[in-house]
Structure formats: structure tokens, C-alpha cells
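Please read the structure below before turning to the comments.
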Amino acid sequence: MNNWFKLFLLTIFFSNSTNAFTDYLLKKCNQAGFCQRNRYYANNIQSSHNSYYHIDEQSIHINSNDFSLGANIIKTIPRDDIDDITIILPFKLSFQNDWQSVRFTIDESIDGRKVSELPLLNHYRYNETGLWSFMNHTDSLNNTPLLFEKLENIQSNLNKLINFVFQTPDLQNNVIKIYNQINQLEIHLFLDSFQIHIFQGNDLILSINDRSLFNFEHHRSLEENFQNVLPEESTFNMFADDFEYSKNDQIPFGPESIALDFTFNEFNSLFGIPEHADSLRLKDTSNDEPYRLFNVDVFQYNLDSKMPMYGAIPLLLTANKEKSVGVFWNNPSDTWVDIHYTDNNKISQSHIMSESGIIDVFVFIGKKPSDISDQFTQLTGRPVLPLLSSIGYHQCRWNYNDELDVLNVQENMDREDIPFDFIWLDLEYTDDKKYFTWKPDSFKNPGKMLKKLAKYGRQLAILIDPHLKTEYHVSEEVEKENAGVLNANGDLYVGRCWPGDSIWIDTMGKIGQRIWEGLFKVFVTVKLPFYIDNLHIWNDMNEPSIFNGPETTAPKDLIHNDGFEERSIHNVYGLTVHETTYNSMKDIYATSDKRPFILTRAFFAGSQRSAATWTGDNIANWDYLTSSIPMVLSNNIVGMPFIGADIAGFDGNPTPELIVRWYQAGLWYPFFRAHAHIDSIRREPYLLDKPVRDNVRDSIRLRYSLLPTFYSAFHEASVNGNAIMKPMFFQYPEYEELYNIDNQFYLGDYGILVKPITSPETFTTQMTFPRGIFYDLLTFRALVVDQLKEIEIDAPITKIPAFIEGGHILFKRDIYRRSSKLMENDPYTLVIAPSLENGSASGKLYVDDGETFSYESGEYLETVVSLVGYSILKNDVIHSPENVDCLGNTMIEKIVVAVDKNNMDIGDHVTIKVGSETRKLNIEHVEGATTVEIKSPQVHVYEQWEITF
Ligand code: NOJ
């Protein structure tokens with residue numbers, strides 16, 4: 001082979017692949033009927049200054065059951081020849097969650113939607129999203145128990161409340177003013193044009209329908225359409241779809257889209273609405289496509305793109321120095337979002353358009369950006385507290401071929417001293433792509449394999465997708481029980497996916513859920529010869545991905561449980577699959593009380609309650625590494641922090657340098673998994689040549705040593721929705737300069753500041769630091785920063801630019817073990833990073849058994865260690881379990897204090913006080929060292945102690 005030919009082959013194998021998604025498969029806004037129509041309307045209505053919506057004064061009332069305000073919005077279509085056409089749109093406004101947030105809904109009266117020719121379909125607009133997106137699953141529009149549930153706390157009663165909240169309407173000025181003294185909120189509801197203004201104190205924070213983009217396409221027949229269209233409207237694709245791949249869509253209800261505009265005053269950046277492979281700060285879309293939320297399978301997705309991806313969380317978020325606002329658009333249908341920043345950058349505007357369903361909006365208002373994730377996850381549920389092992393390292397590839405292959409990977413990782421916790425089986429472990437089976441010759445004894453993995457506390461995750469091969473007894477049962485998704489004619493829908501012809505389980509409905517749960521039960525408990533609890537599930541392709549479907553997914557006129565169209569529920573389907581999977585596995589593991597682990601590709605608001613996710617089919621090149629960071633950050637700020645990207649790129653073959661840098665970045669992803677396409681060359685860490693193998697091992701080990709800190713961050717997230725990988729502006733909203741930064745981040749509230757290297761041959765980087773003192777994570781060399789600025793940091797290939805910000809204390813476990821389980825009996829190292837001003841620092845530790853739900857009954861430790869004024873280090877236990885045995889080793893073996901000439905002057909001994917016992921311990925100083933160490937202080941993390949320097 002000549003050298004050039006070799007080079008050619010090498011570039012194919014180790015290329016910065018230029019592949020990209022075939023984006024003609026997806027609609028652009030001007031090809032999607034409702035998106036084109038709403039943008040068109042938006043343009044025209046702003047110039048015509050007409051308003052077709054008003055609130056009917058006579059209809060205004062207060063609902064005594066939930067203290068909400070109800071009224072009818074009237075849509076009027078002016079007619080010259082006949083009477084004007086009026087449409088009634090019931091409107092409801094209420095306060096939520098301790099009065100912190102405001103909710104309003106707009107529906108269409110059902111009388112307008114009864115069409116006798118559509119017997120298979122539910123005639124309501126889909127109004128049950130909350131059944132899936134809210135934590136309190138009982139909520140629906142007719143039954144809103146979570147409203148005002150804290151009423152007793154403010155010692156109010158109905159009469160007082162009405163006077164207190166809803167002052168007499170100022171009908172002369174056509175406005176109702178609603179006050180909420182608790183958080184100084186004031187809402188002005190304008191009657192003649194339907195607008196809502198939300199003030200805090202005297203500041204107008206948010207105006208809704210300020211630009212008159214509110215559009216509610218009411219029901220009408222094709223024949224009546226001509227008289228139901230407003231002069232500013234387009235009729236493009238109202239009753240038919242001319243997009244090449246969705247021409248068969250029957251659009252049975254005709255146009256039914258909804259749209260509304262939101263104007264955020266004094267806010268110059270918008271964030272949120274994942275999933276997009278784009279910057280963290282949303283871009284102005286005025287001359288571009290809107291951001292689209294529509295769960296689809298996008299193999300080799302485009303970067304810097306607003307195209308839809310696998311998941312959708314319709315939470316928009318913004319912040320400034322003093323305030324933060326979130327707008328949650330609780331609608332799972334195809335949704336597009338236009339963003340516009342005004343020229344002076346003082347105002348951010350958005351225009352949200354959805355294909356069907358109702359308008360259901362929550363406005364959250366807080367001081368800090370994290371208040372929004374907190375309020376949002378109070379409503380939609382806190383992120384699940386995961387198995388400790390699931391925050392370790394995951395080794396995956398498409399595919400490990402058989403039991404021997406799996407056990408060989410385990411053996412080789414152990415031989416090379418590379419820790420891991422999860423190994424994964426992709427698609428090919430099944431018998432002919434039939435889920436709930438094992439390939440007979442390759443997986444003869446999966447139970448035994450699971451036992452062998454369990455020996456070191458290891459877990460196995462296997463793929464089970466929601467499509468089921470036809471002519472397989474499982475799909476036959478689904479068909480018999482009527483638990484499959486139906487086509488527009490009411491017959492079982494058959495489409496193509498991995499197994500060829502397939503049907504889809506309908507987990508939207510109770511029967512589908514029962515069958516899905518039963519399938520897991522038989523597969524795990526009956527088919528395996530003994531009880532195991534280290535098997536976990538990966539729900540892939542649940543957007544759903546359909547190879548011959550329009551836009552790679554389900555036709556919009558498929559029918560789900562209760563007669564709702566795919567069109568109306570599309571983005572929440574994947575959640576119903578993974579949540580049902582989670583419930584099944586939780587039930588199955590009731591015996592050992594083990595927490596299930598579920599990975600889902602599709603997600604919606606609420607998915608965080610039961611699953612982790614990842615950024616899908618990326619490519620092994622530097623651009624995808626770069627893009628993974630804003631993508632992971634974006635999910636982290638909208639309540640779904642358990643996310644990562646395939647390391648070191650799913651498709652293609654990464655160069656050795658890319659592998660090293662990707663592990664250095666990936667160790668900070670909350671979900672830390674290597675994965676590779678079936679056509680890529682094997683690249684398990686032990687196969688890598690030295691020194692790449694050593695570098696990768698170092699990254700994985702760094703993650704393991706920080707597991708106590710990561711787990712504590714996951715715990716924080718599970719109680720307040722906090723980000724685990726946290727953007728700079730979340731930490732310091734007071735610095736405007738940080739709102740655009742999405743290539744460096746903090747680890748939760750733990751003060752670790754990281755900027756991974758994401759470009760080739762890059763050995764220094766400009767990192768932005770706020771004022772303070774920053775200690776290098778590994779060398780502890782101090783960097784004093786007098787004001788917010790960029791500083792050049794060295795980053796040779798072995799180094800990750802990572803610092804501990806002064807003021808923090810970290811908990812580590814430094815001894816290398818093969819898995820997280822085997823680290824349980826290791827003592828802790830405390831790392832103290834004193835602050836610049838006064839040498840203080842603090843850090844929180846959360847520990848439980850890492851495996852079961854016993855933490856729910858109090859079996860956990862929460863403690864705060866703080867350094868006060870350079871001199872006293874103390875442990876304040878917030879909560880300790882009845883029996884500390886569940887915590888593993890609780891001893892602190894070593895306390896490392898970062899020292900700098902600017903901070904503490906440490907003597908040669910410390911005094912340790914535990915209870916009434918006092919002892920002295922010497923500390924050795926090493927000339928020129930960046931730390932001093934207190935060795936074997938003999939104190940436990942669960943006891944109250946004090947160390948005086
Ligand atoms: C698509 C997923 O995104 C990928 O991670 C997986 O390997 C393949 N499906 C095969 O199951």
C-alpha cells in the first residue's frame with residue numbers, strides 16, 4: 001500500500017467528519033402550515049394595529065374552589081355581509097406555589113369543536129399535559145388541587161382573599177388589577193385588547209400579548225373557512241399539508257394553532273427551551289428560522305442550529321442583576337419560538353407558536369436565576385436522586401457482542417486500573433431486535449453475567465425501545481389488548497424501525513402502561529433464574545423515531561389513548577414511555593428497594609423525575625465536543641441536569657488528542673458515558689496507546705475522587721432543581737459580561753470552575769474569572785483576581801483548566817478503586833479553599849447508602865463544614881441517619897488546606913475538639929508548598945467537631 005493511500009485510509013478513520021443531518025427531511029417554518037401562518041399574522045397584525053380579542057366583562061368571576069379568576073376571551077371576526085362571528089375562549093388566571101408563580105390557561109369552548117364525522121377523535125383540545133409534566137399527577141384543568149394549597153399559611157380565608165388579591169375591577173379603564181403582597185407582584189389584565197402586564201414593585205417585568213401576536217385558530221370546517229379568516233391571516237396549509245414527507249396528514253380538525261408573545265423588560269438575554277445544538281444564550285431569530293421544539297431523531301445533527309432535536313423543555317428563562325423570570329409553555333405539540341432582542345438590548349421578546357392544544361402558561365419570578373429552576377421543578381418535579389453508581393463512569397458501545405465480550409471489557413478495565421460502574425448493551429443483544437429477549441447464542445446466561453458484574457458493584461444497562469416487531473407474541477398481545485398507537489383510520493399503526501415492521505406501545509393510556517410494566521416484570525423476574533437488581537434500562541428512539549415516518553417520526557394524525565392525536569401529544573410521548581419503564585423497574589426492585597436507572601433519548605418537562613438523558617448522535621470531531629457544553633448547560637438550567645454527551649463522539653473515529661480532551665471535558669458532564677457507533681473502531685480506554693490511555697485514566701479517576709462532591713450536587717438538584725453543570729451567569733447574575741459565556745462553568749454550588757479545552761493543538765486558554773482567589777484544582781497554586789477579567793491559563797495536554805474558588809470546601813475520596821461501590825469503605829479527604837477577604841470557606845456533604853430509597857425515611861447524612869475567619873474549622877451536622885452504618889466509611893483521613901501568602905498564617909499544630917474530648921495534632925509545613933495537610937484528624941463526617949488552628 002503506498003503512503004498516500006494509507007494516509008487516505010487514515011483520514012477516513014480519524015476524520016473530522018463533515019457528515020451532517022439530511023435537513024431537507026425536516027420542515028422549515030415556511031413549510032409548516034401553522035408556523036408560516038403565525039409568522040405571517042405576526043407581521044401583519046403589528047402593522048394593522050387591529051385587535052380581535054377582548055375579555056367579556058360580564059363573564060369575569062372568581063372561582064371559589066380554587067380562587068382563580070375566570071373570564072371569557074372573545075375572538076371577533078368582523079363580517080360586512082353577515083353578523084360578526086364570535087368565538088368563546090375560556091380564560092383562567094391563578095397563583096401557584098406559595099404565590100410565587102402565575103398561571104393562566106386559554107381553551108376553546110368544547111361546543112365549538114364537536115364534529116360528528118370524527119368519531120375516533122377526542123373533541124377537546126388536549127388539556128392533560130399536566131398529568132405528565134407536573135409532579136402532582138392529579139392536576140388537570142377541571143381539577144386544580146395544587147392551587148393555593150398553602151392558603152392556611154397566610155391565614156387567609158375566602159373573603160379576605162378576594163379583597164386582598166382582586167381589587168374591584170377598574171372597568172372604566174378596562175383593566176383589572178390583581179395584587180399579591182407576598183412577593184409584591186401586581187398583575188394588570190387589560191380587557192379590551194387582552195393583554196397581561198406583570199409588575200414587581202414598580203417595575204414592569206413581563207408583558208404578554210404586548211405585540212398583539214396572540215392567535216387562537218378556532219375550530220371551523222373547510223367549507224366555513226373563508227368566513228373565519230382574519231384579514232391579517234394566511235390560509236397556508238390549513239386543511240392539507242404539502243410538505244413532501246407529510247402529505248398524508250389528514251389534519252382532521254383543520255387549523256388549531258395557538259400563539260402568544262412575551263416581552264421581557266430590562267432583560268437582554270433569553271435562555272432555555274432545549275434541546276438545540278446552539279449557544280446557551282438564545283439567538284435573535286428575526287432573520288432566521290425560529291427555534292423548534294419537536295422531538296425527532298436527528299442522527300449527526302447540525303450544529304449552530306435551531307432545528308429540533310430529541311427532547312423539548314418549553315421553559316424560557318431570563319435574568320438580570322436583580323431579577324429572574326421564567327415562562328413555562330406547558331404544551332407538547334410541535335412548537336416554534338421566535339426570539340428578538342431590541343436594538344438597545346434592553347428588551348427581549350419571544351413569540352411562541354404551537355400547532356394544537358391549549359395555552360397553559362406559568363410565569364415564575366425570582367431574584368436569582370436558580371429561583372426559576374427551583375420553582376419550575378417544584379411544579380414539574382425534582383430531578384431524581386440517582387444511584388451513586390450511575391454518576392460514575394459508563395462504558396458503552398454499539399455493541400458488546402456477547403457475554404464474553406462484556407466480561408472481557410470488565411477484566412481489561414480492571415487490569416488497566418480504570419474504574420467504571422456501568423457497562424451497556426445496545427440493540428444487538430436482542431434476539432432479532434425483539435425487545436424483552438436475549439440473542440440466544442450470545443447471551444446464554446445473562447443472569448450469571450449480571451452476577452459477575454455485581455461482584456464489584458457493577459451495573460448493566462440494556463436498550464429497550466418502544467417499537468415492537470410485528471409477528472412477535474409481545475406485539476400480538478399489545479394488539480389484542482388494544483394498547484398500541486393507532487393510525488388515522490383507527491387500525492393498529494405499523495411503521496418501520498430497527499426490527500423492520502413495528503408497532504408502538506401507547507403508554508399514554510392505562511392499558512399500555514399495564515402491559516409495558518408486565519413485560520418488564522416477566523423479562524426481569526420470571527426469565528432470569530434468580531433475583532438481580534443491577535439491570536437498568538435505556539429507552540432509545542422514543543421521540544418516537546420512525547424510519548419511514550414524516551420528519552423521521554410519527555405521522556401527526558396517529559391516534560393515542562382517549563382519542564388524542566399524535567399532533568397534540570407528540571413531545572410528551574417519550575416521557576410516558578420512560579416514566580412507565582421507571583415505574584415498572586421500581587416495582588420490580590421493591591424487594592431490595594434499589595433505585596432504578598433509566599436513560600431516555602426523548603424528554604419533556606417532567607422527565608427529570610425518572611430519567612437521565614444524553615445529547616444523542618453526535619460526531620467524533622472538535623465542533624461536537626465544543627457544542628456539547630452549551631447543550632449540557634442548557635438542560636441543567638431547566639431542571640433536567642442529569643445529561644451528558646457521547647464521549648468521544650458517537651459517529652466516526654476520534655483522534656487520540658480529541659479522545660483525551662473529550663474525557664477531560666466529559667468528566668464534568670453529570671452523565672459520564674463513552675459510546676460509539678457500530679461502525680467505529682473499538683476505543684475502550686484500555687485499548688488506547690500510552691500516554692492517551694494514562695490521560696484518559698486520570699480523567700476518569702478525577703471524576704471518581706470527586707464522587708462525594710458530585711453526589712452532593714445531585715442531592716442539591718433533587719431538592720431544589722439546581723444545576724449540576726452551572727453556567728457562569730447562574731452563579732454571578734450581577735456580571736453582564738457572563739451572560740454570553742457558555743464554554744466554562746461551575747460544578748453546582750461547589751466552587752469548581754472549569755474550562756475544558758475543545759480545540760486541537762490548544763495549550764493555553766483565556767478563562768474568565770470573577771473577583772476572588774482561585775486555587776488550581778490539582779496543584780493548589782493560587783490565582784488572585786482583583787476584578788472580573790480574562791486570564792490566560794496553561795493547558796498542556798495533561799491538564800484541565802479547573803480551579804476551586806476561594807470560599808469552598810470539597811469532599812473527596814482519593815484512593816483508586818475499581819468502582820464506586822468499592823470506594824464505600826474509603827475515608828474522606830477534605831479540601832479547603834479559603835476566601836480572599838477573610839479566609840472563610842464552607843462546603844456541604846450529602847451521603848446515604850447510594851442505592852436504595854431509605855433516604856426518603858431519613859437514612860442520610862447532611863453536614864456542613866465551615867472555616868471561620870482563618871482560625872476555626874467546624875462540622876455542623878444538619879441531619880444524620882439513625883444508623884450511620886449505611887454511610888460506609890465516615891472517617892476524615894486528611895484535611896488539605898490551600899495556602900497562599902495572602903491568606904491564613906497556619907501555626908505548627910491544631911487543637912481538635914470532639915464532644916468533651918480535646919487533643920492536639922502537629923502539622924508539618926513544607927517550604928514553598930501550596931498546601932498544608934492535617935493528617936489523620938480522627939474525626940467523622942457525622943459528628944460535631946471543631947478544629948482550631
Ligand atoms: C440511536 C441512539 O442514539 C444510539 O446511541 C444507539 O447506539 C443506536 N440508536 C442503536 O441502538
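The values are calculated or read from the model by the stated rules, or taken from the named source; none is laboratory data. The shown structure was predicted, so the numbers you read here are calculated from the model rather than taken from an experiment. Glycine gets a Cβ as well: all are built from the backbone with ideal geometry, and neighbour counts include every protein chain shown. The area values use the complete protein model at the heavy-atom level, side chains included, leaving out ligands, DNA and RNA. Shrake-Rupley method; radii C 1.70, N 1.55, O 1.52, S 1.80 Å.
So the values come out like this:
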| item | result |
| --- | --- |
| Candidate set: the stretch 186-217, residues that are within 20 Å of residue 336 (Cβ to Cβ) and of a type outside the set (A, V, I, L, M); chosen: the one surrounded by the fewest Cβ atoms within 10 Å (Cβ to Cβ) | 211 |
| Count of residues meeting criterion [acidic (Asp, Glu) and open to solvent by 60 Å² or more (accessible area, probe 1.4 Å)] in the stretch 868-886 | 2 |
| Residue in the stretch 426-442 that is within 23 Å of residue 677 (Cβ to Cβ), in contact with a helix residue (DSSP H, G or I) (Cβ under 7 Å, 6 or more places away or on another chain), in the same structural domain as residue 596 (by TED's automatic domain parsing) and open to solvent by less than 10 Å² (accessible area, probe 1.4 Å) present | no |
| Check on residue 819, surrounded by fewer than 21 Cβ atoms within 10 Å (Cβ to Cβ), of a type in the set (S, T, N, Q) and part of a loop (DSSP other than H, G, I, E, B) | no |
| Filter pass, residue 790 being closer than 20 Å to residue 836 by Cβ and of a type in the set (Asp, Glu) | yes |
| Residue match in the stretch 162-177 (condition: surrounded by 14 or more Cβ atoms within 10 Å (Cβ to Cβ), in contact with a strand residue (DSSP E or B) (Cβ under 8 Å, 6 or more places away or on another chain), at pLDDT 95 or above and not in a loop (DSSP other than H, G, I, E, B)) | no |
| Matching residues, the stretch 770-785, being touching a helix residue (DSSP H, G or I) at 6+ places or on another chain (Cβ under 9 Å) and buried (at least 18 other Cβ atoms within 10 Å of the Cβ) | 770, 777 |
| Residues of the stretch 641-676 classified as of a type in the set (D, E, K, R), more than 16 Å from the ligand (Cβ to nearest atom) and buried (at least 24 other Cβ atoms within 10 Å of the Cβ), total | 1 |
| Residue under evaluation residue 795, criteria (1) open to solvent by less than 10 Å² (accessible area, probe 1.4 Å); (2) without any contact (Cβ under 8 Å) to a residue 24 or more places away in the chain; (3) closer than 28 Å to residue 662 by Cα, criterion not met | (2) |
| 2 or more residues over 29 Å from the mean Cα position of the chain (by Cα): qualifying strands (runs of 3 or more DSSP E) within the stretch 699-797 | 772-776, 782-785, 789-794 |
| Tabulated pairs, the stretch 553-570, first in contact (Cβ under 8 Å) with a residue 40 or more places away in the chain, second in a helix (DSSP H, G or I), C-beta under 6 angstrom, 6+ apart or interchain | 554/566; 556/566; 556/567; 558/566; 560/569 |
| Checking residue 499 against (1) surrounded by fewer than 20 Cβ atoms within 10 Å (Cβ to Cβ); (2) over 29 Å from the mean Cα position of the chain (by Cα); (3) within 16 Å of the ligand (Cβ to nearest atom), the condition it does not meet | (1) |
| Selection status of residue 764, closer than 24 Å to residue 834 by Cβ and loosely packed, with under 14 Cβ neighbours inside 10 Å | no |
| Residue list for the stretch 583-592, filter: within 18 Å of residue 519 (Cβ to Cβ) and in a loop (DSSP other than H, G, I, E, B) | 589, 590 |
| Flag if residue 547 is under 28 Å from the mean Cα position of the chain (by Cα) and in the same structural domain as residue 576 (by TED's automatic domain parsing) | yes |
| Single residue of 581, 615, 576, 591 found to be within 16 Å of the ligand (Cβ to nearest atom) and more than 30 Å from residue 681 (Cβ to Cβ) | 581 |
| Single match in 408, 482 (criterion: among the polar types (S, T, N, Q), out of contact with any Pro (no Cβ under 9 Å at 6 or more places or on another chain) and free of Cβ contacts under 8 Å to residues at least 24 places away in the same chain) | 408 |
| Candidate set: the stretch 295-305, residues that are farther than 20 Å from residue 633 by Cβ and open to solvent by 10 Å² or more (accessible area, probe 1.4 Å); chosen: the one farthest from the ligand (Cβ to nearest atom) | 300 |
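Let's see how each residue does on (1) outside any strand (DSSP E or B); (2) open to solvent by 10 Å² or more (accessible area, probe 1.4 Å); (3) among the polar types (S, T, N, Q):
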residue	(1), (2), (3)
247	yes, yes, no
250	yes, yes, yes
255	yes, no, no
277	yes, no, no
281	yes, yes, no
289	yes, yes, no
